[in-house]
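Below: the structure, in structure tokens.
The values are calculated or read from the model by the stated rules, or taken from the named source; none is laboratory data. On a predicted model such as this, the values are computed, not experimentally measured, just so you know. Positions of Cβ are generated from backbone atoms using ideal geometry, with glycine treated the same way; all protein chains shown enter the neighbour counts.
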Amino acid sequence: MEQRTPVRVLFVCMGNICRSPMAEAVFRQRVSEAGLAEHFVIDSAGTGGWHVGEPPHHGTLAILARHGIDANGQRARQITSADFERFDYIVAMDDENLYALRRMQRRGAAQLSLLLDHAPGLGTREVPDPYYSGGFDHVFHLVDAGSHGLLAYIREREGL
């Protein structure tokens with residue numbers, strides 16, 4: 001069997017403590033369940049640096065635990081210009097962050113998208129920020145649906 005370069009996926013939200021670490025953990029779980037863990041490098045980051053070094057929000061950790069998904073000692077970090085060269089897919093949680101990513105991308109071939117563009121049947125394009133309002137159950141549902149669609153998209157595109 002030929003050795004292939006891992007597909008590198010980065011999930012991005014505002015502060016990297018609610019939505020993007022949830023997406024990272026859920027996507028990693030779905031990739032593992034598909035038997036493809038060795039083919040992926042999965043990470044998350046924020047467009048802002050307010051929470052750098054902090055663990056995911058307690059609401060994110062609680063919903064992941066309820067679904068048997070480990071956050072694997074994640075710590076918030078801010079996206080860097082090198083990420084646009086290091087990752088193949090950079091997946092934003094909402095339009096504001098996608099816009100910020102487009103402004104930041106100067107080089108690199110990373111494909112930018114919204115997570116929910118990979119789950120068009122949901123009737124929404126953005127994963128809402130539960131930081132102030134809660135709603136972690138709803139966010140989990142959206143992230144899980146988007147993760148399934150994103151994995152299917154990448155598998156087809158990358159021949160996995």
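Of all the numbered requirements in (1) touching a residue at least 60 places away in the same chain (Cβ under 8 Å); (2) touching a helix residue (DSSP H, G or I) at 6+ places or on another chain (Cβ under 8 Å); (3) under 19 Å from C18 (Cα atoms), R77 misses one, and that requirement is (2).
Just so you know, in the range 99-113 the residues that are under 20 Å from V7 (Cβ atoms) and aliphatic (A, V, I, L, M) include one that is surrounded by the most Cβ atoms within 10 Å (Cβ to Cβ), and it is L101. Taken over the range 21-45, the residue count meeting the criterion of being charged (D, E, K, R) and touching a Ser or Thr at 6+ places or on another chain (Cβ under 6 Å) is 2.
Among all positions in the range 96-115, there is no residue which is at pLDDT below 95 and touching a Cys at 6+ places or on another chain (Cβ under 8 Å). Within the bounds of the range 12-21, is there any residue that is crowded, with 23+ Cβ neighbours inside 10 Å, on the phi > 0 side of the Ramachandran plot and not acidic (D, E)? Looking for residues that are crowded, with 23+ Cβ neighbours inside 10 Å, on the phi > 0 side of the Ramachandran plot and not acidic (D, E), one finds at least one in the range 12-21, hence yes. Output the number of the condition that G15 fails; it satisfies all remaining conditions of (1) closer than 24 Å to G135 by Cα; (2) in a loop (DSSP other than H, G, I, E, B); (3) more than 13 Å from the chain's Cα centre (by Cα). All conditions are met except number (3).
Of S133, S113, S147, all but one fail to be of a type in the set (S, T, N, Q) and touching a His at 6+ places or on another chain (Cβ under 9 Å); the exception is S147.
Restricting the first member to the range 134-160 and to residues that are farther than 14 Å from Y89 by Cα, and the second to residues that are exposed (fewer than 15 other Cβ atoms within 10 Å of the Cβ), the beta-carbon pairs closer than 6 Å and six or more apart or on different chains are A145/L122. Would you check if A65 is free of Cβ contacts under 8 Å to residues at least 40 places away in the same chain, of a type in the set (G, A, S), outside any loop (DSSP other than H, G, I, E, B) and over 18 Å from C13 (Cα atoms)? Taking the combined requirement at face value, the residue satisfies it. When you look at G53, is it over 20 Å from L150 (Cα atoms), in contact (Cβ under 8 Å) with a residue 12 or more places away in the chain and not acidic (D, E), yes or no? Yes, satisfied.
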